[in-house]
Amino acid sequence: MNRNRICVLFALTWLFYTGSLGQEDTRLQCDDKSVQDIVELALLQHNKNVTESNQLALYQIVEATKAKNETEETVSVRFTARESDCPAGGDKLWHQCDYLQDSLKPLYYCDTQVLVKETNEITSHECSVDPPVVPVERPPCLGCPIKIDVESEDLRESLSYSLAKANLMHNHQHFFVLNSVGSATKQVIAGFRYRLRFDMQKSNCTKSEFKEVTEECHPDEEKLFINCNSTVDVAPWRHEMPETNVQCGSGPLPPTGFSVRRRPPGWSPLRNIHNFAVVTPVKPPKKDESSEECPEGKAPAVVVKEGQDKPPRLVPPPKPRQEPTAAPTPPPSCPSKPWKEFNPVIATSPPPPSNNTETESV
């Protein structure tokens, strides 16, 4: 008997565990039509059950998420609402009403969950005047490493020194450029300690022709990689060079099951690095003796040859090629804009009567 109970509990636990693993949560935009339809359905259902006071009208959609597994799809929406001037049980719907412009009327916080089918089915709905309790994450222990975004500007300096140190240690004839960053942490010690994991790819720039990695360096077709772990200790207030330790091996970063971010386009972490390399001046091209330099701000003189009716047409120099700029990312739509403006009328008490008595004029 006990064995059967244990088997049943184990089976239920396994079903719950595998179901939670198969569930995929996705954030939705608050201005999405499907999200607005769910809010409309929730408010209509809520106002039907209201028997006293007035109906609620939408104020703002705060957030919306979609959870999907192998069998079903649910959408959870959190929004706020205010009491309207339409009485409960009336003929008007909430979007035909206006807010009660009263500062004493509370703001309602509503949570709705809908099972997505041919017709949406509300599985849970609750509105309360108390704001939802948001769990506060405990801060990490003092001095513990903290994960940071691999595209953070805070990472630029430590990554730049790590890449330069890796190129100095590597005996290859070519420079290597950043390919991807796998992970990065920051730790507070007697300063800041950064730990980085990244890989680099062989570039077209040789160390005999270039003294440092420049914007002209890009990965070549050989696809030769090295992967590195680095530790960088930084103490800005000491005005000292960061202490950088790098260990590298052959090959790209091994797969970890997590997505590795490539370097952002147009971001060259070695562009502003100092004290690691010296830029070699480029020799100017030889001056053509047959051509004459023109003073700044003056056009070149046009010489008409003998037997030529018109001077030759001057062809303007080609315009520099402009790199296409990335399209701006649309601003987030959560929380949404208020459905209507709320301008409460604050009641003021009448002024106290004056103590001065009027005197009759003689």
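The condition of being surrounded by 17 or more Cβ atoms within 10 Å (Cβ to Cβ), over 29 Å from the mean Cα position of the chain (by Cα) and aliphatic (A, V, I, L, M) holds for residue 42.
The residues of segment 172-225 that are assigned to a loop (DSSP other than H, G, I, E, B) and among the hydroxyl-bearing types (Ser, Thr, Tyr), listed by number, are 208, 214. Answer yes or no as to whether residue 93 is under 28 Å from residue 30 (Cβ atoms) and either at pLDDT 90 or above or among the aliphatic types (A, V, I, L, M) (or both). Answer is yes for this residue. Out of 91, 98, 130, one residue alone is exposed (fewer than 14 other Cβ atoms within 10 Å of the Cβ) and touching a residue at least 60 places away in the same chain (Cβ under 8 Å). It is 98. Of all residues in segment 157-171, which are assigned to a helix (DSSP H, G or I) and either under 14 Å from residue 199 (Cβ atoms) or of a type outside the set (Gly, Ala, Ser) (or both)? If the condition is that a residue be assigned to a helix (DSSP H, G or I) and either under 14 Å from residue 199 (Cβ atoms) or of a type outside the set (Gly, Ala, Ser) (or both), then 157, 159, 161, 162, 163, 165, 166, 167, 168, 169 are the ones that fit. Per the listing 70, 63, 40, 83, the residue uniquely in contact with a Lys or Arg (Cβ under 6 Å, 6 or more places away or on another chain) and either at pLDDT below 90 or closer than 26 Å to residue 116 by Cβ (or both) is 63. Please work out if residue 57 is over 18 Å from residue 116 (Cβ atoms), touching a residue at least 24 places away in the same chain (Cβ under 8 Å) and either assigned to a loop (DSSP other than H, G, I, E, B) or touching a Ser or Thr at 6+ places or on another chain (Cβ under 8 Å) (or both). Criteria met by residue 57. Looking across segment 204-226, the residues that are exposed (fewer than 12 other Cβ atoms within 10 Å of the Cβ) and under 33 Å from the mean Cα position of the chain (by Cα) come down to 215, 216, 218, 221, 223. With respect to residue 80, determine if the residue is among the polar types (S, T, N, Q) and part of a loop (DSSP other than H, G, I, E, B). Answer is no for this residue.
The values are calculated or read from the model by the stated rules, or taken from the named source; none is laboratory data. On a predicted model such as this, the values are computed, not experimentally measured, just so you know. In this analysis, Cβ positions are derived from the backbone assuming ideal geometry, glycine residues included, and neighbour counts consider all displayed protein chains.
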